[in-house]
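Here is the structure we will look at, set down as structure tokens.
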Amino acid sequence: MLHSDPLLTRPTLVHTGLLAQAVDGLKRSATSPADMWRLLTENYIVDLDVVAALMPVSEPEPVWLSARD
């Protein structure tokens, strides 16, 4: 996502603990997971894979059938 104002710097969050604190702090402002993504990317420079690991999964993991003998 491109930053709309290149003269305004955003903090870079690279440590998982700092990202978790940012997500926890933004929970009050975010109304949905999409809103949380928007707030994070507008306010911070983040590793999106790390953020995805911290965010709750919106869909349950598939339950695979056991293999037949």
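The values are calculated or read from the model by the stated rules, or taken from the named source; none is laboratory data. If you're wondering where the values come from, they're calculated on a predicted model, not measured in any experiment. Remember, those area values only see protein heavy atoms, side chains included, never the ligands or the DNA or RNA. Shrake-Rupley method; radii C 1.70, N 1.55, O 1.52, S 1.80 Å.
Being open to solvent by 100 Å² or more (accessible area, probe 1.4 Å) and modelled with pLDDT of 80 or more holds for only one residue in Asp24, Asp49, and it is Asp49. Do you know which of the residues in segment 1-14 that are open to solvent by 80 Å² or more (accessible area, probe 1.4 Å) and at pLDDT below 80 is farthest from Val51 (Cα to Cα)? Looking at residues that are open to solvent by 80 Å² or more (accessible area, probe 1.4 Å) and at pLDDT below 80, I get Leu7.
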